[in-house]
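Trainee: One structure, as structure tokens, below. Some questions next.
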Amino acid sequence: MKNIHRMLEDIKQETLSTAFLTGRKALSPEVMAAMGKVPREQFVAPEMEPMAFDNGPLPIGYGQTISQPFIVALMTDLLGAKRTDRILEIGTGSGYQSAILSFLAEQVYTVEVIEDLSVEAAARFEKLGYRNIHVKTGNGYDGWPEEAPYDGVIVTAAAPYIPEPLIGQLKAGGRLVIPVGRPFEHQELIMVEKQEHGANKLSKILDVAFVPLVDQDHSKRWH
């Protein structure tokens, strides 16, 4: 428990230090409670467990990472999920963000492009008793249209642009939280609020550094 308390304190401190950028001096009690409930050490490799609660990203294999706790908490707070919500996550990874969301939403649908990670995450959810998370192996740029619409969408890897299908699968009034930018270049955490009529509201939150969102259909999308 000591490690979790230290992690939560680190999140509080970084929230305060970035408040001039995010407009948030504190994150919601519900988000902080969820961050305190999920055993982060279960979502990293055994050799990484001593660092599991450090406020930084860690490798999870396949060129992917588990995001730093502060970023996970901030993105979750920006999403503003409610207990009746259905949330779409793009980029399951080891499943840590999905697990956090499972305490805040009714159902979580998560898409992972790397099959081994998808299978491992599904087994981890089963082992830890997270029954409201649904996992699919697929191309995140396409979302999960069969289960749409969603009350919120969260993307845990950086895309060079905001994929239109993700906005299309979002309910009016819902939020999309996504890092946008190319690898090793400038990236920004963006929040899109979908409007019933007119242009969607886009807010730039702060600069970030994420692994790229893999696009299986790269050849058709890039010109």
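Trainee: For segment 29-41, does any single residue satisfy the condition of being over 20 Å from Ile154 (Cα atoms) and modelled with pLDDT under 95?
Mentor: There is no residue in segment 29-41 that is over 20 Å from Ile154 (Cα atoms) and modelled with pLDDT under 95.
Trainee: Hey, another quick one. Looking at Thr92, is it part of a loop (DSSP other than H, G, I, E, B), open to solvent by 10 Å² or more (accessible area, probe 1.4 Å) and either on the phi < 0 side of the Ramachandran plot or in contact (Cβ under 8 Å) with a residue 24 or more places away in the chain (or both)? Outline the logic, then answer.
Mentor: Working: part of a loop (DSSP other than H, G, I, E, B): yes; open to solvent by 10 Å² or more (accessible area, probe 1.4 Å): no; either on the phi < 0 side of the Ramachandran plot or in contact (Cβ under 8 Å) with a residue 24 or more places away in the chain (or both): yes.
It is false that Thr92 is part of a loop (DSSP other than H, G, I, E, B), open to solvent by 10 Å² or more (accessible area, probe 1.4 Å) and either on the phi < 0 side of the Ramachandran plot or in contact (Cβ under 8 Å) with a residue 24 or more places away in the chain (or both).
Trainee: Just one of the numbered conditions (1) surrounded by fewer than 13 Cβ atoms within 10 Å (Cβ to Cβ); (2) within 26 Å of Thr18 (Cβ to Cβ); (3) among the acidic types (Asp, Glu) is not true of Glu188; which one?
Mentor: (1)
Trainee: Could you list, in sequence order, the residues of segment 121-141 that are under 17 Å from Ser67 (Cβ atoms) and open to solvent by 40 Å² or more (accessible area, probe 1.4 Å)?
Mentor: Of everything in segment 121-141, just one residue is under 17 Å from Ser67 (Cβ atoms) and open to solvent by 40 Å² or more (accessible area, probe 1.4 Å), namely Arg124.
Trainee: Does Ser67 qualify as being of a type in the set (Gly, Ala, Ser), farther than 22 Å from Asp207 by Cβ and under 14 Å from the mean Cα position of the chain (by Cα)?
Mentor: So Ser67 does not fit the description; no.
Trainee: What number of residues in segment 14-29 are surrounded by 12 or more Cβ atoms within 10 Å (Cβ to Cβ), of a type outside the set (Gly, Ala, Ser) and part of a helix (DSSP H, G or I)? Lay out the reasoning, then the answer.
Mentor: Step one: list which residues in segment 14-29 are surrounded by 12 or more Cβ atoms within 10 Å (Cβ to Cβ), which gives 14-16, 18-19, 21-22, 24, 26-28.
Retained after the next criterion (residues that are of a type outside the set (Gly, Ala, Ser)): 14-16, 18, 21-22, 24, 27.
Imposing the further condition that a residue be part of a helix (DSSP H, G or I) reduces the set to 14-16, 21-22.
Total satisfying the criteria: 5.
The values are calculated or read from the model by the stated rules, or taken from the named source; none is laboratory data. Small disclaimer: the values here were computed from a predicted structure and weren't measured. Positions of Cβ are backbone-derived with ideal geometry, glycine not excepted, and every protein chain shown enters the neighbour counts. Just the protein is used for accessible areas: all its heavy atoms, side chains included, with ligands, DNA and RNA removed. Shrake-Rupley method; radii C 1.70, N 1.55, O 1.52, S 1.80 Å.
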